[in-house]
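J.: Below: one structure in structure tokens.
The values are calculated or read from the model by the stated rules, or taken from the named source; none is laboratory data. Since this is a predicted model, take the numbers as computed values, not measurements. Cβ atoms come from the backbone with ideal geometry, glycine included; neighbour counts cover every protein chain shown. The protein model used for the area step is the full one, side chains on, heavy atoms only, and it has no ligands, DNA or RNA in it. Shrake-Rupley method; radii C 1.70, N 1.55, O 1.52, S 1.80 Å.
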Number of protein chains: 2
Amino acid sequence: MIRYSEVKRILKSHNLRITDGRIDILEFILRANKTISIKDLEKEFKSLDRVTLYRTLTSFTENGLLHKIPDDSGHATYGLCHNTCDSKNHYHDHIHFKCNECGTIECLDQNVPAFKVPGYLVKATDVILKGVCKTCVIY
Amino acid sequence: MIRYSEVKRILKSHNLRITDGRIDILEFILRANKTISIKDLEKEFKSLDRVTLYRTLTSFTENGLLHKIPDDSGHATYGLCHNTCDSKNHYHDHIHFKCNECGTIECLDQNVPAFKVPGYLVKATDVILKGVCKTCVIY
DNA sequence: CTTTTTATGCAACAAATTTGCAAATATTAA
DNA sequence: TTAATATTTGCAAATTTGTTGCATAAAAAG
């Protein structure tokens, strides 16, 4: 169970102003336990303006609460950062899985390996696996 | 130097009809030697309709000439496939690098490693490194 | 060179995202 | 606790991105 005080604490610790909308949105994200898109939020929060949802995702991302997951579908998807992120340091060191069947994008526990490219400065790594997820796979 | 006959041969070998537009576009992509976006094409080919550019990217991708690279910017980016791709078999087994300075996305020679996730069926893997590219990096 | 197939341009549409601005709300400082 | 300041929200409107239908033009096949 996620408590109101905990949600507030998380917002505060990321230097985000505490508003009713943000509390509800963050609680929803925490509870969802999967990556979310603007569509998910629009479906869930009919009372909040679309623009506000976009801006919330942006500020959450800027302040290290969420990370944007690259996708070739043209729909931005966001996942929760691990506790270590803030506006200065943005690690999202886990890999992602996109299911071709249900479309869900999950954050997996597996960490990304280190890549070294001579002459390049690597600051972040995104790994997106595609295929059939645990829920959709048929043996 | 890329010759007209070579460009035609490549189109033909991917079962793509040869048109003036496609020759110009493919030549541009081959010459660019980096990944391209619809924006790049719009800038370069003012005489071609936007819809045609979209459709060209789609058919090039469907026929294994290009691959779509996931990106979190909301702008689809495409890279040349290695010679081995066709409409049936689509391998793009190399990793990508996106430069935070110049925005360019490059295909690197390095191959993606194999990821195994218990319970999941992995069919494709995308790796996008982010940082500062060879051209922009300052020592 | 005629037929068949496919690509192109145009107009219109649809979806996704951004911007400016005034009003409302949250935080800070007194 | 209140007044001043800073930020967020909602609304309307614009922009950007991508798609669809259809007539015409062009390419490939016979």
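J.: Filtering region B:18-36 down to residues that are at pLDDT below 95 and not aliphatic (A, V, I, L, M), which residue is farthest from B:Thr77 (Cα to Cα)?
T.: In this case the residue turns out to be B:Arg31.
J.: When you scan region A:8-46, how many residues do you find that are closer than 13 Å to A:Leu66 by Cα, within 14 Å of DNA strand D (Cβ to nearest atom) and open to solvent by 80 Å² or more (accessible area, probe 1.4 Å)?
T.: 0
J.: Let me ask something else. Just for helices (runs of 4 or more DSSP H) wholly inside region A:1-88: which have at least 3 residues that are away from DNA strand C (no atom under 12 Å from the Cβ)?
T.: A:4-13, A:20-32
J.: Here is a follow-up. Listed residues B:Cys99, B:Cys133; which is open to solvent by less than 40 Å² (accessible area, probe 1.4 Å), touching a residue at least 12 places away in the same chain (Cβ under 8 Å), under 16 Å from A:Leu121 (Cβ atoms) and more than 7 Å from chain A (Cβ to nearest Cβ)? Break it down into steps so the answer makes sense when it comes.
T.: Values: B:Cys133 fails: more than 7 Å from chain A (Cβ to nearest Cβ).
Within the list B:Cys99, B:Cys133, the selection yields B:Cys99.
J.: Please go through (1) at pLDDT 90 or above; (2) open to solvent by less than 90 Å² (accessible area, probe 1.4 Å) for A:Asp86 and return the number of the only condition it doesn't satisfy.
T.: Of the numbered conditions (1) at pLDDT 90 or above; (2) open to solvent by less than 90 Å² (accessible area, probe 1.4 Å), the odd one out for A:Asp86 is (1).
J.: Just to be sure before I move on: is B:Leu48 of a type outside the set (Gly, Ala, Ser) and touching a helix residue (DSSP H, G or I) at 6+ places or on another chain (Cβ under 6 Å) in the structure I sent?
T.: Answer is yes for this residue.
J.: Kindly indicate whether A:Gly119 is open to solvent by less than 50 Å² (accessible area, probe 1.4 Å) and under 16 Å from the mean Cα position of the chain (by Cα).
T.: When the stated conditions are applied, A:Gly119 does not pass them.
J.: Just for region B:89-99: of the residues that are closer than 20 Å to A:Leu129 by Cβ, in contact with a Gly (Cβ under 9 Å, 6 or more places away or on another chain) and not in a loop (DSSP other than H, G, I, E, B), which one is modelled with the lowest pLDDT?
T.: My answer is B:His94.
J.: In the set B:Thr135, B:Thr56, B:Thr125, which member is of a type in the set (Ser, Thr, Tyr) and closer than 27 Å to A:Ile105 by Cβ?
T.: B:Thr125
J.: Would you confirm whether any residue within region A:57-71 is within 9 Å of DNA strand D (Cβ to nearest atom), in contact (Cβ under 8 Å) with a residue 24 or more places away in the chain and of a type in the set (A, V, I, L, M, F, W, C)?
T.: So far as region A:57-71 goes, no, none of its residues is within 9 Å of DNA strand D (Cβ to nearest atom), in contact (Cβ under 8 Å) with a residue 24 or more places away in the chain and of a type in the set (A, V, I, L, M, F, W, C).
J.: When region B:109-138 is examined, which residues are found to be assigned to a strand (DSSP E or B) and within 30 Å of A:Glu101 (Cβ to Cβ)?
T.: The answer is B:Gln110, B:Asn111, B:Leu121, B:Val122, B:Lys123, B:Ala124, B:Thr125, B:Asp126, B:Val127, B:Ile128, B:Leu129, B:Lys130.
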